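*Asks:* Below you'll find the structure I mean.
The values are calculated or read from the model by the stated rules, or taken from the named source; none is laboratory data. Keep in mind the model is a prediction, meaning the values are calculated, not measured. Cβ placement follows ideal geometry from the backbone for every residue including glycine, while neighbour counts extend to all protein chains displayed. The accessibility values were calculated without ligands, DNA or RNA, using every heavy atom of the protein model including side chains. Shrake-Rupley method; radii C 1.70, N 1.55, O 1.52, S 1.80 Å.
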Amino acid sequence: MNIPLAYFLYRVAWASLDLIFPPICGGCGKSGSRWCKDCQQRVQHMVEPVCEVCGISLEDSHLCPDCQRARPHYRILRSWSVFEDPVRNALHKLKYRRDVALGDALAAQLVEFMVGLKWPAEIIVPVPLGKKRSQERGYNQVSLIARPLALATGMAFAPDALSRVRETRSQVGLSKMERRANVSGAFQARTAHVSGRCVLLMDDVATTGSTLSSCAETLYGAGARDVFALTVSRAMAHHGLDSV
Ligand SMILES: [Zn+2]
Ligand SMILES: [Zn+2]
């Protein structure tokens, strides 16, 4: 794969900064690198086979029971890792400490995974935060990964393509049905950004996938040609709906 010049320079800038301020690993806190070799090896990936649509691990069949009952709106969802440490720890840091450099380190790991999926996506759209949370936090943690990922793959980055039209409560503690209702109709898309384009929708963690499905429905409604969804992590059944 050819590395776009802009991404090369972006990475060189971070590497130079590391010489001046030695970084700390976002997974384990050890000093020396932003995402150390140990943590790289400790990342748990989804066990194959996975559901063709939503990507959760399965025993054998092609579609999980949920997707058989009601297909989500996105075409395919895939996650780079299981929502366990060290990735869980890193995502937490990203969310609450605006660690831009850690976002870059995680994106570098995701590039290979994403390229391997061979999706024909042209534009990366992060799942947006609500206005209130956006004002409190001042940034969208998903963009910290999505932006360098777009640079690395030469895709366009469209952080404003989706927005929330109403505040939704946190999905934590809600049942699958409640989650779906909570995010239904909560988004709007800018037609000019997405019409006729194949979109890669991105989020940090997927649990039931209802947020991604609702975003995908909105994107299709605004004329998107296709919507694929990618998350850094996937929360599994044993994580429960009360934690994520
Ligand atoms: Zn580490
Ligand atoms: Zn499924």
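*Asks:* Arrange the residues LEU9, LEU58 by how much accessible surface each exposes, largest first, with a 1.4 angstrom probe.
*Replies:* LEU9, LEU58
*Asks:* Peptides 192-202, 154-164: what's the order by average Cβ count within 10 Å, highest mean first?
*Replies:* Working: 192-202: 20.9, 154-164: 18.4.
Order by mean packing, descending: 192-202, 154-164.
*Asks:* Could you state the number of Å between the C-alpha centres of the range 171-201 and the range 46-118?
*Replies:* 17
*Asks:* Under 20 Å from a point 7 Å along the Cα-to-Cβ line of GLN40: which residues of the range 101-128 have their amide N that close?
*Replies:* Residues 101-117 qualify, since their backbone N sits under 20 Å from the label point.
*Asks:* On to the next question. What whole-number value in Å² describes the accessible area per residue of the chain for a 1.4 Å probe? Could you put the intermediate results ahead of the total?
*Replies:* Details: 12210 Å² over 244 residues.
Using a 1.4 Å probe on heavy atoms only, each residue of the chain averages 50 Å².
*Asks:* Remind me, what semi-axes does the chain give for its equivalent ellipsoid, largest first in whole Å, using sqrt of 5 times each Cα gyration tensor eigenvalue?
*Replies:* Equivalent ellipsoid semi-axes, largest first: 27, 21, 18 Å.
*Asks:* Additional query: Apply the Karplus curve 6.51 cos²θ - 1.76 cosθ + 1.60, θ = phi - 60°, to the phi angles in the range 157-166 and return the couplings in whole Hz, x for Gly and Pro.
*Replies:* For the range 157-166, the Karplus-derived couplings read 10, 10, x, 9, 5, 10, 9, 8, 8, 8 Hz, x marking Gly and Pro.
*Asks:* Quote the accessible area belonging to MET114 in square angstrom, nearest 10, computed with a 1.4 Å probe and with ligands, DNA and RNA left uncounted.
*Replies:* Surface accessible to solvent at MET114 totals approximately 20 Å².
*Asks:* While we're on this one: Quick check: at a probe of 1.4 Å, how many percent of the accessible area of the range 103-244 sits on carbon and sulfur atoms?
*Replies:* The value for the range 103-244 is 50 percent carbon and sulfur by accessible area.
*Asks:* I would also like to ask the following. For HIS62 and ARG190 in the same chain, what is the full-extension length gain: residue separation times 0.36 nm, less their Cα-Cα distance, in nm?
*Replies:* 42.7 nm
*Asks:* With every protein chain left in place, what is the accessible area of ILE24 in Å² (1.4 Å probe, nearest 10)?
*Replies:* 90
*Asks:* Grab the Cα-Cα distance for ASN2 and SER134, subtract it from 0.36 nm times how many residues apart they are, and report the gain in nm with one decimal. Don't skip to the end; give the middle numbers.
*Replies:* Values: separation 132, 0.36 × 132 = 47.52 nm, distance 3.47 nm.
Extra length from ASN2 to SER134 when fully extended: 44.1 nm.
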